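The structure appears below as structure tokens.
The values are calculated or read from the model by the stated rules, or taken from the named source; none is laboratory data. Small disclaimer: the values here were computed from a predicted structure and weren't measured. Counting neighbours? That spans all protein chains shown, and the Cβs are built from the backbone with ideal geometry, glycine included. Ligands, DNA and RNA are stripped out before the accessible areas are found, and what is left, the full protein with its side chains, is counted by its heavy atoms. Shrake-Rupley method; radii C 1.70, N 1.55, O 1.52, S 1.80 Å.
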Amino acid sequence: MNRFVAAERALRSAAPHHLVDAVRDVLSDDWSAWDVELYLADYSLTALRPVATHPNPPEPLPMHGGPTGRAFGAQEPYVEKHADGRVRVHLPVTVRGDRLGVLRLTLPSAAHADECLAELAELAQVLGHELVVAERDTDLFVRARRSSRLTLAAEMQWQLLPGRSSTCPEYALGGQLEPAYAIFGDNFDWSADADHLMLYITNGMGEGIEASLLTNLGINALRNARRAGIPIADQAALADQAVHAQYGGALHLSVLLLDLDLATGRLQVVDAGSPRMLLLRDRTVGSVALDAQLPLGMFEETDYIAQELTIEPGDRLVFVSDGVYSVATPGGETYGERALARAVNATRLLPPADVPGAVLRELSDHRGTPMADDDALVVCLDWFGRGEAGRPHR
């Protein structure tokens, strides 16, 4: 049997908590590899943490430096040659654009690495798919991702997410929440089919568990309406009714709802609250003017209207919550739209998966403290168009 097919079969048949052991065994037996370690991106996107399946696991590695961080950032295999002839190979583990981590292993020679690098890179992608499936049945991998304990509200919010990045021929997406280990209200959600991408940007109200419960109710009400094939204006109306029925107007939820036609760039938007949308085109960043409508749950029966816009292939859209544009320095100077526009322009050459983290790091420098007082959310969307290479305007 072909060794790749045999390896794929071994990973698929492995018990969820033995998945890393299974990949060690096949890499050792069929590729003469040793020192095999799987590192996963932590919630704050600052470190790559080992999946500890044996005593004395290695230390976490920086995400933005070193060979492993380089493979993660570039999303390309990186081969590190040593003086004794052996090589260490770093392979990105990614599933449909969602960057999970890096598989690191050692091979006996550079010639051996050259011979099997493409095969190993493909095996790392198989590992990623099996990891996503395995997470349904074990906490091993979610435990590995955390450098400290999440608050209960943060646990609930992270479980809501569809992922942190996604790519396909028509678009690329990336999103991040801060403070990663103590987020309570902000969130994002997306879903795509053959012709449409639907995206929700949520700016939660309140603090702690109360904020998380509110966002959970709102997101699931929107999903319920979306999965029934209902247009976004009616999705907003039904979610509005669900939130009001639960809280009677005492609490409400700010959401930006978008429905992007992947073939034409026609964008339907319902602005039900405070999240902002910026457009980057031809190196020019501008805030997109939207028709402000009431947040979800403020009144018993609110009618929502979808506003129509059109974007061009190569456009970049960046969405932020008020925890970004209203952040103040210790002296009281708010971050504001001008600084945000500079940050979006400065990150124009980065892929969407890297943009949220870069903007949030700049925001941390502006704030002057490592920990945020309020939730902050950044989501980046690039639309490439269909049937042509969408030439970036950036």
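Annotations for the structure displayed:
- Any hit, segment 256-266, residues being assigned to a loop (DSSP other than H, G, I, E, B) and open to solvent by 10 Å² or more (accessible area, probe 1.4 Å): yes
- Test: residue in segment 227-248 that is open to solvent by 10 Å² or more (accessible area, probe 1.4 Å), touching a Ser or Thr at 6+ places or on another chain (Cβ under 7 Å) and within 30 Å of LEU150 (Cα to Cα): no
- Filtered by the rule that a residue be in contact (Cβ under 8 Å) with a residue 40 or more places away in the chain, in a helix (DSSP H, G or I) and over 19 Å from LEU177 (Cα atoms), segment 343-366 gives a lone residue, ASN345.
- Where strands (runs of 3 or more DSSP E) sit wholly within segment 19-92, those with at least 1 residues that are open to solvent by 60 Å² or more (accessible area, probe 1.4 Å), of a type in the set (Phe, Trp, Tyr) and free of Cβ contacts under 8 Å to residues at least 24 places away in the same chain occupy 78-81.
- Filter pass, GLU170 being at pLDDT 95 or above, charged (D, E, K, R) and closer than 30 Å to ALA15 by Cα: no
- Candidates LEU280, LEU349, filtered to the one that is farther than 21 Å from ASP189 by Cβ and open to solvent by less than 10 Å² (accessible area, probe 1.4 Å): LEU280
- Of note, LEU377 satisfies the criterion of being under 13 Å from VAL327 (Cα atoms), open to solvent by less than 10 Å² (accessible area, probe 1.4 Å), of a type outside the set (D, E, K, R) and modelled with pLDDT of 90 or more.
- For segment 196-208, a tally of residues being at pLDDT 95 or above and open to solvent by 40 Å² or more (accessible area, probe 1.4 Å) returns 1.
- Scope segment 296-327; condition more than 14 Å from VAL359 (Cα to Cα), part of a loop (DSSP other than H, G, I, E, B) and in contact (Cβ under 8 Å) with a residue 60 or more places away in the chain; matching residues: GLY297, GLU301, THR302, ASP303, TYR304, ILE305, ALA306, ILE311, GLU312, PRO313, GLY314, ASP315
- So GLY206, is it closer than 28 Å to THR302 by Cβ and in a loop (DSSP other than H, G, I, E, B): yes
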